[in-house]
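Structure first, then comments.
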Amino acid sequence: MNQKTQSGYNRLLLLVAGLGGLLYGIDIGIIDPALGYLGKTISMTEENKSVIVAAVLGGSMFASVIAGFFADLLGRKLMMIISAVMFVASVAIIFTSQTYVPLLLGRILQGMSGGVIAVVVPLYLAECLTAESRGKGTSIFQFMLTFGIVVAAFVGDHYTKNAEAAIQAAAGNETAIVAAANHAWRGMFLSVIYPGLLFLLGSFFISESPRWLYRKGRKDQARTALARSRTGTEVATEIAEMETALIHEHAKPKVTLIESFVEIFTRRKYIIPFILACVILGCNQATGINSVLGFMTTILQQAGLSAEAASQSGLWIKILNCVMTVVAVMLVDRKGRKFLLKLGTGGIIVSLLAGSAAFYSFESKRVDVAPQVTALVSENTLKLDVATASLGSQVTADQAVQISILYAYGEKQGIAVGLSNDPKTREISIAPADGSTESLRIIRASRGPVPTQTTGIIIAICLAFFITFFSIGPGVCVWLALSELMPTRIRSVGMGFALLVNQGVSTSIAAFFLPIVGNHGYFAMFAFWAGCTVVYFITAAFFLPETKGKTLEEIEEYFEGKKSI
């Protein structure tokens, strides 16, 4: 096969894998703009909405555990086809949903497709690309993931503008308002089916992983698959390396899935790369990246920006995430994984500490006013003018103040925030909903100065630097670490387990984010993320080997102690 044909096939392979990353990014990003309209057309409680948001993560966690096993059993290519079918089917189920249950099932299926993609696509790329291009190729998966988040944001923005215009034109006509909301969220989900169809179609035109074929005894097919992207000499070299690795593997008895886990934790050559991969994937989420992306607008509003400025700043920061990933793609095979991880994690630590200090500058001045607010409750309701309420002299008379109240009627909690310098939120009014007879409880209330727009800009800059350094380092290198560090014998199972750690940390941080910032402030959350990133930096600087330009077999021999890197 000539060089031009080989180059064309490599581009096809990267395009298909990139579409997988795009779908994973869309999975993450599409629910945010759609959620506001779902509740207008499908009957849901606030708890139901939370479950709908979490359903993708839950489906992804479940799929990541079993994806490696089935990738070994059925092959990487077939699992990519299955993940594409799952994504397309999930969109169809969601689009046609008329009640909560099918909507939930569609979201779970969408999450499962993302979980399979997150395991199988990086695994496939690691096994198909040459050592020289593996870093850049796997980085494209991360770039397309970030691009998918941006695409979801723009899709949501398009349908949101149209829906809001239609709702305004409806002039209170409830039927027209519901129709506009219904068209908005269904249109958002339907529009993302097209990259899913392209991913499905493209998966039929790529070869199966040559390493998977060779391990299954289909050596001629493995040689043919390699020849689509390599010269004759390169094919012979890699076949020889795979044969050596296979001889070593066959010298060991076959093991069950449970025995594989036991083997991972009892053999040095497996446990060290496994622990490294798990620490890196866990710390990757512990930087706070998903919470920063998911709560970007909320964080910036709490920092002092207006709703419109926060929304625009958040969009530009997400675009920056995508752009800097392109820079990382160009650097990863030149500078290496270790260098980029040290640079990225170091920059993240500085950015988070600066953001924490900026939040502390005004959050530290807030004081507890729960007893005073409780005393103002009358007939199970609360009415409070933030500018004139007598709650003590915590701030100067000419300074704008903010009052935040966490309250509950029975088990249902709510948050009310008022600003003395904002006519729309100056008056706080809390009353029971739906005729509830439960007593109003003030769980927590604080009063303090309103952050200035300058503070908001400073924190927006901190988040921009955070995203920049994350994109250059952890954002790209995490998928390489996941696919490169695991030895062949445990790669599929190990990747699935490591990704489960990744998703578990992400879920935990998402669950505790709002309680932590509510009780201790955003500065505490930022400081916690910075502390976790210090662990990440130490791991990258002192324990992670440089794998740039090394074949998977050479990396495996390093952990066996047979070769230095």
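The values are calculated or read from the model by the stated rules, or taken from the named source; none is laboratory data. The model shown is predicted, which means the values in this text are computed figures rather than measured ones. Quick note on the areas: whole protein, heavy atoms, side chains included, nothing else; ligands and nucleic acids left out. Shrake-Rupley method; radii C 1.70, N 1.55, O 1.52, S 1.80 Å.
Some notes on this structure:
- Computed over protein heavy atoms with a 1.4 angstrom probe, the accessible surface ordering of Thr130, Thr298, Thr547, largest first, is Thr298, Thr130, Thr547.
- The chain - convex hull of alpha carbons, volume per residue in Å³: 156 Å³
- Listed cross-link partners Lys161/Lys342; Lys216/Lys318; Lys269/Lys335; Lys219/Lys269; Lys40/Lys412 are compared with a 32 Å cut-off, the Cα-Cα value being larger for Lys161/Lys342; Lys216/Lys318.
- For the chain, the longest principal axis of the alpha carbon atoms and the long axis of helix 474-484 meet at an angle near 30°.
- Calculated over region 125-257, the projected area of the Cα convex hull averaged across directions stands at 12.4 nm².
- Dimensions in Å of region 104-185 - Rg and Dmax from alpha carbons: 19.7, 62
- Heavy atoms of Ile443 accessible to a 1.4 Å probe, total area in Å² rounded to 10: 70 Å²
- Against the chain, whose longest principal axis comes from its Cα atoms, helix 46-74 is set at around 10 degrees.
- Angle between the chain longest axis and helix 307-335 axis [Cα atoms, degrees, rounded to 10]: 20 degrees
- Rounded to two decimals, the Cα radius of gyration of region 273-401 over 2.2 N^0.38 Å is 1.54.
- Rounded to the nearest 10 Å², the accessible area of Leu197 at probe 1.4 Å: 80 Å²
- Per-residue [θ]222 nm for the chain (sum of -39500 (n - 2.57) over DSSP H runs n ≥ 4, rounded to 500): -24500 deg cm²/dmol
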